[in-house]
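The structure under discussion appears below in the form of structure tokens.
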Number of protein chains: 4
Amino acid sequence: MDYQAILGQCCEMPVGYVQLPVGVAGPLILDGREYHVPLATTEGCLVASVNRGCRAIAASGGAISVLLRDAMSRAPAVKLPSAKRAAELKAFVEAPANFELLASVFNRCSRFGRLQDIHCALAGRNLYMRFTCITGDAMGMNMVSKGVENVLGYLRNDFPDMDIISISGNYCSDKKPTAVNWIEGRGKSVVCEATIKRDVVQKVLKTTTEKLVELNIIKNLAGSAVAGALGGFNAHASNIVTALFIATGQDPAQNVESSQCITMLETVNDGDDLHISVTMPSIEVGTIGGGTCLASQAACLNLLGVKGSIHDLPGANAQRLATIVAGSVLAGELSLLAALAAGQLVKSHMEYNRSSKDITKAAS
Amino acid sequence: MDYQAILGQCCEMPVGYVQLPVGVAGPLILDGREYHVPLATTEGCLVASVNRGCRAIAASGGAISVLLRDAMSRAPAVKLPSAKRAAELKAFVEAPANFELLASVFNRCSRFGRLQDIHCALAGRNLYMRFTCITGDAMGMNMVSKGVENVLGYLRNDFPDMDIISISGNYCSDKKPTAVNWIEGRGKSVVCEATIKRDVVQKVLKTTTEKLVELNIIKNLAGSAVAGALGGFNAHASNIVTALFIATGQDPAQNVESSQCITMLETVNDGDDLHISVTMPSIEVGTIGGGTCLASQAACLNLLGVKGSIHDLPGANAQRLATIVAGSVLAGELSLLAALAAGQLVKSHMEYNRSSKDITKAAS
Amino acid sequence: MDYQAILGQCCEMPVGYVQLPVGVAGPLILDGREYHVPLATTEGCLVASVNRGCRAIAASGGAISVLLRDAMSRAPAVKLPSAKRAAELKAFVEAPANFELLASVFNRCSRFGRLQDIHCALAGRNLYMRFTCITGDAMGMNMVSKGVENVLGYLRNDFPDMDIISISGNYCSDKKPTAVNWIEGRGKSVVCEATIKRDVVQKVLKTTTEKLVELNIIKNLAGSAVAGALGGFNAHASNIVTALFIATGQDPAQNVESSQCITMLETVNDGDDLHISVTMPSIEVGTIGGGTCLASQAACLNLLGVKGSIHDLPGANAQRLATIVAGSVLAGELSLLAALAAGQLVKSHMEYNRSSKDITKAAS
Amino acid sequence: MDYQAILGQCCEMPVGYVQLPVGVAGPLILDGREYHVPLATTEGCLVASVNRGCRAIAASGGAISVLLRDAMSRAPAVKLPSAKRAAELKAFVEAPANFELLASVFNRCSRFGRLQDIHCALAGRNLYMRFTCITGDAMGMNMVSKGVENVLGYLRNDFPDMDIISISGNYCSDKKPTAVNWIEGRGKSVVCEATIKRDVVQKVLKTTTEKLVELNIIKNLAGSAVAGALGGFNAHASNIVTALFIATGQDPAQNVESSQCITMLETVNDGDDLHISVTMPSIEVGTIGGGTCLASQAACLNLLGVKGSIHDLPGANAQRLATIVAGSVLAGELSLLAALAAGQLVKSHMEYNRSSKDITKAAS
């Protein structure tokens, strides 16, 4: 056990390691590249299911992803003597005229950190200032926290009556399911899509486009709506996000928001083919720092070709990793939905005593 | 690598293992027992932080937990020809007079599964029936799924016009942040509390009761409220839940709902002491099955004394593990809030150039 | 101005009346009856729009409604010395063995009030006990509040350490958008449906079934999902609920939860016809008490045939009013969705300068 | 009955008027002015309660409000052939470089409408573009809808493959409880505060600062948190918003989001006094158009001194009306919380048979 790699970095009072098996799904054909996706999991069927989804995607020409946004956030809470005064501070930090100045103070936190935006919320005389910042290939929480501290120090000059309650006021929001992440995004926001050919739906996924579309409406849209879901309009995004996060040294506690996802299915090309997409606003990943330094996790990042940083393209690897997360979720959604839709048939013949073991295990 | 332990059980297409360092925090004094809590994490400061929380709790006489509820859920979606007909099915399965019959059909799923309740939601002619069931020491998703299949098969006799859309209709809700879990609970519902003596707050936690109480209101209650949180009224429950889940072979993808938590702090005993509690309605854990069978995870369960089942007390170990999760979250909340509250002082002296490195790293 | 009718009942320090115009839509054919629906509104197009919806429903044979549940709620907040003690109180009031006793204490509140259920939530040592009760033809908030006071008084015998914080602890929830109402229901829970014939869609609604179904998915399901809606999966339920509430003397401040609604549309009968439904879990209405006593409001109730109480059928009028609310919402949803879907055509020809005035006004 | 005032404007198929009694509370001392606040309601105690709150505020020197933001929104839903293409449209409309151009197209809608921002959300290949716009003294929905139509028409040149699904895609969000309004605001965002002197709390409100602060935490923060509230962290904002909306000719169906409010209470001045604030992000009001033209509603606006427009200050009246809404809510919250807190005493003496009638009626 290499204690040097973890002490002072990843874990205190270490007594050993826990091992999670890693399976590889794929190749996932995404944006013209081939990825072999490492998934660390102890849930039976998960790797096989994602693998089947990858096969369906590959047989249909691959998936396409778009990075919509890239910015980590941190929102300190400060208290002013009055709501009026809190509103003045809000106006100050949100004023376009002050942005360049505040950014110059903020950006001293790191070579890579670049302030993108400050969005504030008030609760009376308490002000929550949500700073967002690009963070290169790091997940970026430490970077943005340092930048926030710089700005808080600076603001005390003009607002000496500002009482800093906490460097994090939960409007960030880290590791909590919140609407602000769902609406504004946190980390990388990605959409990923594929068009699955009708015969692939039948032969690989063993179901029909019509059944899949209906299932998605009743389960992922209406079902989640009646359940009062917040950003949980999907079948099992969390499974894939978590397994890929653990394999590649990400912080799996962040899957709470990183797995926020809306899955959409519809028929296209005159009803012949299936269009599927996943939209994920809050994927928090990095390819340097944290658990990415450990040997097995680094190996998984290398398998994906996104370890560390590309010299001239800071942030490119982390962004690519985020698209791989979304692509893998796409594959996972496709396959589980197909298993559930096919289960519908199984159920209708349940009186004939067919086994429904696989369906049971796969359901989420 | 012991492929036999994982093939057909935990992971397909395995290529190896990923290793996560395990640190041990504690002893956590909970309900009169001592626990050494294994946490698998790569986030620096986490184990040390939980450890400090445990120390404060121990110095104050320990924490107390109560299990409020124990029932895993699965909610299939079925479609009827009309909303009227869906309402009839709802009335049928919710009728007290039919419960014993449906339970007898459901309970064939397992020696341990015992149906507790059926709670339905409608969206037009689609019906979501949320079955809840005690599941012994297993986390219980497979068990409840089998029971649900039994009941669906049975219901088709009286409701031949029932079209089974999916064994899971997302009203369960598994691995999605939903209100139904927050309101009704899923898995184990636990509340855990401790009263921390004033001098322990000062000496161990390096802050004051007043600052902690104010911080909790502004960050965990109001901050999360303005962020639009759903069950995320805490500082970093997800960190502890995830680390303990990975260490003990639980499904870390379930931390989405298992880390739902409201943390409450207030002064008691005429302002002398601090009362802290965490209320967590959806802790999904088991001590048999899944990842609990792997060697290192089993060792962590043994460290806690909750591996497997106690012969005459089925479910007791899993219930105890749930209380340990809540107790560890209590320790983690206490310590991080203290670090943030103390940081307030640091910030107010920021012009004197003091290091605030630790605060930055610890913030969530 | 009849001051006697309002003083000590409806309004203090009265200076006069405000007048809202009432339009009548219909007839709404619902459950085999004909209703002329009074809507008090100042929003142009609203009455006309609901009227058109009624016409489409009537031409298709009418709508059907089902009352799923009828129970008003009130949830006091009490504080106990410890969470353990709060859990004991929770266990006591939720125990089936104690229900009859607690109901007998509760039911002294009124001839009509009958306790249905007590469902509790904890936040540490604070307990929120949600009492639900049938309330005859009254909306029932006062009745349930009195019943709750009875029970609180009784509980103090066994739990003298119970500190009553508030007769309402917001877990009721009155006039706030909350998940507990959406999941558990408040007042009357109603589902209402109709099957609109293909030619009626074309001739009356000027659009196609396919367009309506697609619009509902993209706007009412996915659009509300990305907006982070809580029970707001509809086009404009609040418009109809509010207008009908004001006309019939209900409390329009309760439309916050009374207008929670999920609207579902799909093709049926081999794609020939359109099935539409609205599911509304929290319709809070009464036909006695409050504003129902005022002359113009009473006239509107009489127009609907639901004024006051039927001697042998207490609650029947209020329940019927709730179904009329749902039926009117059904008509309103149908018509606005049709206007929006037809607008799609308008938009595609916008370069030809066609007027889109009506669409603009109708949009919600 | 003046049919000319309503036909073609407010109501079709009119059969008459419904009358709601108007009581006047106040004077409300707000920002140095005195307001007599008209409330149209049939809920007993409401006017008296707000009046008492006004008295406590006046005795403490008045309340202060700040307008944080002023912008009405409308979000059409459009569909593109692919998510990639939808992302391109999103990038186009959000690009700072294109803002001036799009604003010039948008602003043709009206003399007063000025585009402020375009914020987009994706669900696969569906794009929701949330346009926000200042709208002078009009509530502004029609204005912003026209501006949106202008822009949609323009965008079709560059994006001929854009399919307009609906002028409203529910991401606006109008008359639905959604997070996007809570986070981003809709209409006017206002914070209002007052510091109530200790002896005023005792003499006018008949309770203590400590009790009020504790009640607010347990009811409005923690109680709403466990209820899964979305923007409903208050006691009864909806009551006051609705009554003031109806009196002044606003659209009461919009109280769903206009009553989103977080109420904060804390002790200040070394525990001597009470600081109370309400933060309301989505107050949708106008002083021209809609129901403001009707005689009685116009009289109420005149009573407040905000009827119509001030020639050189377009928007000033509507903004002032929004602050009056917030100030009245502040008064209402203060008074009801005091009644509930005092009820605590009543309850503790319930065995002495004191009447608690008023408390019961006032509770929300």
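The residue of chain A whose Cβ sits closest to the rotation axis that maps A onto C, together with that distance in whole Å, is A:221, 2.
Surface calculation, 1.4 Å probe, protein heavy atoms: residue B:120 sits at approximately 10 Å² accessible. Largest mean-square fluctuation among D:278, D:256, D:226, in a Gaussian network model of chain D whose springs join Cα atoms under 10 Å apart, belongs to D:226.
Taking all protein chains into account, the per residue accessible area for chain C stands at 29 Å² (1.4 Å probe).
For chain D, relative contact order (Cα pairs under 8 Å, six or more residues apart, normalised by length) works out to 22 percent.
Per residue of D:42-54, count partner chain C-beta atoms within 10 Å of its C-beta, then hand back the mean as an integer. Walk me through the numbers before you get to the answer.
Details: counts 17, 10, 9, 5, 5, 6, 3, 1, 2, 2, 0, 0, 0.
Shielding by partners across D:42-54 averages 5.
Put a dot 7 Å past the Cα of residue D:310, heading toward its Cβ, do the same for residue D:84, and the two dots end up 5.5 nm apart. Label-point distances for residue B:31 to the equivalent site in the other copies, using a point 7 angstrom along Cα→C-beta, read 4.8, 4.9, 5.7 nm when ranked shortest first.
Shortest first, residue A:105 label-point distances to identical copies amount to 3.9, 5.8, 6.7 nm, with the label point at 7 Å from Cα along Cα→Cβ. Straight-line reach from residue D:197: which lysines fall under 25 Å, measuring Cα to Cα and dropping same-chain residues less than 8 apart? Result set, ordered by chain and number: A:79, A:84, B:211, D:206, D:211, D:219.
Oblate is the label for the stretch D:1-85, because the ratio a/c of its alpha-carbon gyration tensor axes (a ≥ b ≥ c) is 1.5 or higher and a/b is not greater than b/c. Measuring with a 1.4 angstrom probe and ignoring ligands and nucleic acids, residue B:31 comes out at about 60 Å² accessible. If one takes the accessible area of chain B alone plus chain A alone and subtracts that of the pair, with a 1.4 Å probe, what total in Å², rounded to the nearest 100, results? Its buried surface, counting both partners, is about 8300 Å². Checking the a/c ratio against 1.5 first, then a/b against b/c, what shape does the Cα gyration tensor give for the stretch B:25-75? Oblate, because a/c is 1.5 or more while a/b does not exceed b/c. Accessible area ranking (1.4 Å probe, heavy atoms, ligands and nucleic acids excluded), largest first, for B:7, C:46: B:7, C:46. Would you work out which of A:73, A:102, A:112 lies farthest towards the positive end of the dipole of the stretch A:24-153? Charges go on Cβ: Lys and Arg +1, Asp and Glu -1. The listed residue farthest towards the positive side: A:102.
Counting only DSSP H runs of at least 4 residues, each contributing -39500 (n - 2.57), and dividing by the residue count of chain C, the helix-based mean residue ellipticity at 222 nm comes to -12000 deg cm²/dmol. One Cα centroid belongs to the stretch B:185-226, the other to the stretch C:126-171; the line between them spans 28 Å. Axis angle, to the nearest 10 degrees, between helix B:83-94 and the longest C-alpha principal axis of chain B: 70 degrees. Carbon-plus-sulfur accessible fraction, the stretch A:76-166 (probe radius 1.4 Å, protein heavy atoms only): 51%.
Each other copy holds its own label point for residue C:312; taking that point as 7 Å from Cα along Cα to Cβ, the gaps run 6.0, 7.5, 9.1 nm, nearest first. Computed over protein heavy atoms with a 1.4 angstrom probe, the accessible surface ordering of D:171, B:3, largest first, is B:3, D:171. Computed from Cα atoms, the angle from the helix C:96-106 axis to the main principal axis of chain C rounds to 90 degrees. For the pair residue D:15 and residue A:269, a Förster radius of 45 Å applied to the C-beta separation gives a FRET efficiency near 0.30, rounded to the nearest 0.05.
Using a ≥ b ≥ c from the Cα gyration tensor of the protein assembly as shown (square roots of the eigenvalues), is it rounded, prolate or oblate, where a/c under 1.5 gives rounded and otherwise the larger of a/b and b/c decides, a/b for prolate?
Because its axes are fairly even, with a/c under 1.5, the protein assembly as shown counts as rounded.
Provide the gained length on full extension for the span residue A:157 to residue A:198, in nm with one decimal, where the gain is 0.36 nm per separating residue minus the Cα-Cα distance.
8.3 nm
Annotation for residue D:293 and residue C:206: the two label points, set 7 Å from Cα along the Cα-Cβ direction, are 2.2 nm apart.
Using heavy atoms of the protein chains and a probe of 1.4 Å, the accessible area assigned to residue D:266 is about 40 Å². Mind checking the angle between helix A:295-304 and chain A's longest principal axis? C-alpha axes, 0 to 90 degrees, to the nearest 10. The helix A:295-304 is inclined about 70 degrees to chain A. Look at where the Cα atoms of the stretch D:1-77 and of the stretch B:243-280 average out, and the two centres are 43 Å apart. Here the Kirkwood formula, the inverse mean of 1/r across different C-alpha pairs, assigns the stretch C:76-166 a hydrodynamic radius of 13.1 Å. FRET efficiency for the pair residue A:59 and residue D:91, taken as 1/(1 + (r/R0)^6) with r the Cβ-Cβ distance and R0 = 30 Å, rounds to 0.45.
For B:174, D:158, A:312, the ranking by accessible surface with the largest value first comes to A:312, D:158, B:174, using a 1.4 Å probe.
The values are calculated or read from the model by the stated rules, or taken from the named source; none is laboratory data. Quick caveat: nothing in here was measured; it's all calculated off a predicted structure. Cβ coordinates were reconstructed from backbone atoms using ideal geometry, including for glycine residues, and neighbour counts include every protein chain displayed. Side chains included, ligands, DNA and RNA excluded: accessible areas come from the protein's heavy atoms. Shrake-Rupley method; radii C 1.70, N 1.55, O 1.52, S 1.80 Å.
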